[in-house]
Structure formats: C-alpha cells, structure tokens
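Quick notes on the structure that follows.
The values are calculated or read from the model by the stated rules, or taken from the named source; none is laboratory data. The structure presented is a predicted model; accordingly, all values stated were derived computationally and were not measured. Cβ placement follows ideal geometry from the backbone for every residue including glycine, while neighbour counts extend to all protein chains displayed. Side chains are part of the model used for accessible areas, which takes the heavy atoms of the whole protein and leaves out ligands, DNA and RNA. Shrake-Rupley method; radii C 1.70, N 1.55, O 1.52, S 1.80 Å.
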Amino acid sequence: MKVLDFVIIGLSLVIAFGLIFYNVNISKDAGNLQVVVYIDNEEFDRFPLNEDGIIQIDEDEDHDHGYNVVQVKDGKVSMIEADCKDLVCVRTFPISQPGQVIVCLPHQVVVEIEGEGVSEIDAISN
C-alpha cells in the first residue's frame, strides 16, 4: 500500500465517525420531542420530553381502562405503575427516541414519542 492509500482510508474513517457522532448528537436533542399518550387510539395527553413530570391514567366512566402511571424524567419515558395482570408495559425499557412506543394492551394505552429528530438507528443506517 502507498502513502496515498493510508491518507484516503484515514480521511474516510474521520468523515464516517464525524457524521455518525453528529447525527447521534442531533438525536439526543429532546427540545422538540413530545410524549403522546393514546387511549383507544385517541389522544389522551401530550407532554414535552425535555420536562420531567408524571401522567396518570385512571379508569373513568366512559372507558373500562385500568390504572397506569407514565413518568417523564431526564429525557426518557417509562411506565412506572400499572394494575394490569402481565405488567409488560412496566417492564419495558425507557424510551427516548422518536417513534419508540410503550404499549399496555390490557388497558389499550399507547405511549409514543413524536416529533422531529433523528434516531440513533436512522443515523447509522443512513
């Protein structure tokens, strides 16, 4: 291999890693992302991802839904409580990227992150 080959390989690696880290840093900007809670495919509540808070979902007269508590903390969303039998939603890892969801099927609750942004998967696959 010649010196020029090493220069081309080195520049290619620097550019590739620079683009990956640039896209990953964009994806961590939670300023324009929203946590949206749906019940029966209808929007129940919307909350900024960059503000910590709690969203409580209680059983009401119109719907036969149980009890769920969604926590937004440090740019991540998790279901911290539920009274469903399987508790799959509570054991789901926290989400933080657009398009990720937490689902409680027994209560027909979907928690989704919406907004403009690039997820880490998109940054690598592009």
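Applying 1/(1 + (r/R0)^6) with R0 = 25 Å to the Cβ-Cβ distance of N41 and D74, what FRET efficiency is obtained, to the nearest 0.05?
0.30
Sort E116, E43 from largest to smallest accessible area, using a 1.4 Å probe on the heavy atoms of the protein chains.
Sorted descending by solvent-accessible area, the residues read E116, E43.
Calculate one ³J(HN,Hα) per residue across segment 2-8 by plugging θ = phi - 60° into the Karplus curve 6.51 cos²θ - 1.76 cosθ + 1.60, and present them in order as whole Hz with x for glycine and proline.
9, 4, 5, 4, 5, 5, 5
Multiply the residue gap between A16 and K85 by 0.36 nm, knock off their C-alpha separation, and tell me the result in nm, one decimal place.
Value of the extension gain: 20.2 nm.
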